[in-house]
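Visitor: Supplied in structure tokens, the structure appears directly below.
The values are calculated or read from the model by the stated rules, or taken from the named source; none is laboratory data. Everything numeric in this text was worked out from a predicted model, so none of it was measured. Please note: Cβ atoms are built from the backbone with ideal geometry, for glycine as well, and neighbour counts cover all protein chains shown. Protein only, heavy atoms only, side chains kept; ligands, DNA and RNA dropped before computing areas. Shrake-Rupley method; radii C 1.70, N 1.55, O 1.52, S 1.80 Å.
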Amino acid sequence: MVEHDVFVVIPAAGSGERLGGSVPKQYCKILGKPLLLYAVEQFLSFSWVKKLALVVDNIEKAHTIIQEAGLDSCKRLLLVKGGPSRHRSIHAGLLELKEYSSDEDRVVIVHDGVRPFVPERLVVELCDAALIHGAAGAIRPLVSTVLTSTADLFLDTSLDRSKHVASETPQAFRMHTLLDAYRKCTDEELDCGTECLQLVLKHAGTRAKLINGPEELWKVTHKKDLFTANCCLREKSNGVCIISEHQTPLVRMLEESLIDKVSCIRRVDSVSEPPPPPSNDHKQRTFNTVIIFHMHEIQQDEHLLDFASLLDVDKDGLIVHIIDNARIDGMQSMSVYNLHRNGRKMAHHHEKLHKGVVVIHCVTSNEEKRLIELVSTLVQADPTTFTGQTFFL
């Protein structure tokens with residue numbers, strides 16, 4: 001927890017040329033939400049953030065996005081017109097924030113609008129380090145070896161990868177230190193530079209403290225990164241509840257397989273009874289995905305509507321029914337067509353909950369591994385992809 005007010009600048013005024021397409025990457029929608037909103041919403045969730053300057057190329061467009069997200073009444077969020085370069089946009093955000101700070105020793109965070117993940121623990125560590133050292137930045141190990149080349153593209157030298165790191169954001173600074181650096185830098189630096197840590201070293205004599213960050217600090221640069229962000233953000237927002245009468249080896253195996261693929265997971269005993277309140281260990285009280293184990297047939301599906309205390313109806317998700325037919329003669333009374341039609345009917349029935357429905361009939365014994373792989377795939381996929389489908393294992 002940060003014990004002092006913190007300001008944030010999020011530059012999101014770039015053209016996104018490397019991504020291609022007509023829409024700048026900060027406005028590309030991931031899981032139905034513009035990319036830049038993920039970082040904005042995360043920083044605004046920190047109570048110690050006093051003001052956030054979102055620096056954009058198009059104020060009117062950004063205001064529409066903020067309004068649709070329900071953030072237009074947020075007094076802590078400022079929209080600032082960006083410049084033609086990253087440094088000029090950050091400087092514009094800083095000058096706007098300076099009007100709201102009576103203490104230039106305040107910490108300001110700079111974070112790219114196309115980096116959707118903002119680990120709170122790392123941000124706190126950076127803020128503390130910036131107060132002591134004047135500046136601090138997140139880093140990651142280099143993945144590829146870096147070469148320097150001649151003007152005509154021949155190898156000049158190869159850098160020792162162990163002595164170099166990749167600079168990432170967020171970065172944190174004493175506000176007066178970063179402002180002082182911008183006052184002294186040249187127009188060429190403002191137009192062509194990208195690294196704030198280098199600016200404060202060169203123009204303010206401040207050596208930034210470098211802090212190792214997690215893998216999720218990457219940014220969306222190329223088109224393939226949009227797909228990666230989609231998968232990662234789905235995992236971060238996916239809360240799963242498993243409903244089963246008993247904690248069987250299969251249920252334990254399923255929990256273990258999902259624990260690293262979702263934000264949280266919880267098991268309760270029965271869908272026909274109200275669930276017990278979460279213990280102190282369970283921060284998650286509602287779930288967008290529910291997995292229900294049945295014997296022979298779907299039992300008491302109508303009770304799922306009464307089970308709304310577990311369902312997060314604001315997030316898309318799946319209701320996965322797993323029916324154990326292997327230990328019972330079962331399924332003789334219904335055709336495959338009727339079974340599938342029932343699944344489609346349930347999917348339509350639960351659309352009001354923003355939930356798709358998938359039914360899995362386990363008709364063969366010893367298929368635990370295949371079942372777990374199938375459920376894992378369903379949980380991580382877009383719910384609309386498989387809703388209404390019936391599977392047989």
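Visitor: Please give the contour-minus-distance gain from Glu256 to Ser365: 0.36 nm per residue of separation, less the Cα-Cα distance, rounded to one decimal in nm.
Guide: 37.2 nm
Visitor: Still on this structure, I have one more. Could you pull out every one of the lysines with an alpha carbon less than 25 Å from that of Lys369, ignoring same-chain neighbours closer than 8 positions?
Guide: Output for Lys369: Lys236, Lys261.
Visitor: Per the Kirkwood treatment, what hydrodynamic radius in Å, one decimal, follows for segment 137-177 from the mean inverse distance over all distinct Cα pairs? Kindly include the intermediate steps, with their values, before the conclusion.
Guide: On the way: mean 1/r = 0.0800 Å⁻¹.
Value: 12.5 Å, from the Cα pair sum.
Visitor: Something else: Can you pull out the GluC sites (Glu not before Pro) in segment 1-80 whose DSSP state is coil and whose Cβ has at most 16 other Cβ atoms within 10 Å?
Guide: Taking segment 1-80 and a limit of 16 other Cβ atoms within 10 Å, the loop GluC sites (Glu not before Pro) found are Glu3, Glu17.
Visitor: Something else now. Rounded to two decimals, what is Rg over Rh for segment 6-232 when you use alpha-carbon atoms and the Kirkwood radius?
Guide: Looking at segment 6-232, the ratio lands at 0.96.
Visitor: Rounded if a/c is under 1.5, else prolate if a/b beats b/c, else oblate: with a ≥ b ≥ c from the C-alpha gyration tensor eigenvalues square-rooted, which is segment 104-217?
Guide: Oblate shape, in that a/c is at least 1.5 and b/c is the bigger or equal ratio.
Visitor: A further question follows. May I ask you to give the percent of accessible area on segment 174-253 that is carbon plus sulfur, with a probe radius of 1.4 Å?
Guide: Accessible surface attributable to carbon and sulfur in segment 174-253 totals 52 percent.
Visitor: Can you spot the aspartates and glutamates whose alpha carbon is less than 17 Å from Lys51's alpha carbon? Ignore those fewer than 8 places along the same chain.
Guide: List returned: Glu3, Asp5, Glu41, Asp72, Glu96, Glu99, Asp103, Glu104, Asp105, Asp112, Glu120.
Visitor: Moving to a separate point now. If you add up the charges near Ile65, with Lys and Arg at +1 and Asp and Glu at -1, over every other residue whose beta carbon is less than 13 angstrom from its beta carbon, what do you get?
Guide: Numbers: positive: Lys29, Lys33, Lys61; negative: Glu41, Asp57, Glu60, Glu68, Asp72.
Overall, the nearby charge balance is -2.
Visitor: Same structure again: Put a dot 7 Å past each Cα toward the Cβ at Gln389 and Ser15; how far apart are the dots in nm?
Guide: Between Ser15 and Gln389, the simple spin-label model gives 4.1 nm.
Visitor: So with the 1.4 Å probe, I'd like the accessible area per residue for segment 6-232, rounded to whole Å².
Guide: Details: 11190 Å² over 227 residues.
Heavy-atom SASA per residue in segment 6-232 reads 49 Å².
Visitor: Only sites in a loop by DSSP and with at most 12 other Cβ atoms within 10 Å count here; which trypsin sites (Lys or Arg not before Pro) in segment 66-125 make the cut? Each step should come with its number before you reach the end.
Guide: Numbers: sites: Lys75, Arg76, Lys81, Arg86, Arg88, Lys98, Arg106, Arg121; in loops: Lys75, Arg76, Arg106.
Sparse-neighbourhood loop trypsin sites (Lys or Arg not before Pro): Lys75.
Visitor: Something else: Please report the Cα spread of segment 192-250 along all three principal axes, rounded to whole Å, starting with the longest.
Guide: Projected onto the principal axes, the Cα atoms of segment 192-250 cover 65, 29, 15 Å.
Visitor: A further question on this structure: Can you tell me how much longer the chain between Leu44 and Cys232 gets when fully stretched, taken as 0.36 nm per residue apart minus their C-alpha distance, in nm with one decimal?
Guide: Taking 0.36 nm per residue and subtracting the Cα distance, the gain is 65.6 nm.
Visitor: For each pair in Lys184/Lys219; Lys75/Lys98; Lys29/Lys224, compute the distance between the two Cα atoms and list the pairs where it is over 25 Å.
Guide: Values: Lys184/Lys219 29 Å; Lys75/Lys98 16 Å; Lys29/Lys224 14 Å.
In this structure, Lys184/Lys219 exceed 25 Å between Cα atoms.
Visitor: Rounded to the nearest 0.05, what FRET efficiency do Met1 and His63 have when you use their Cβ-Cβ distance and R0 = 45 Å?
Guide: For Met1 and His63, the calculated efficiency is 0.90.
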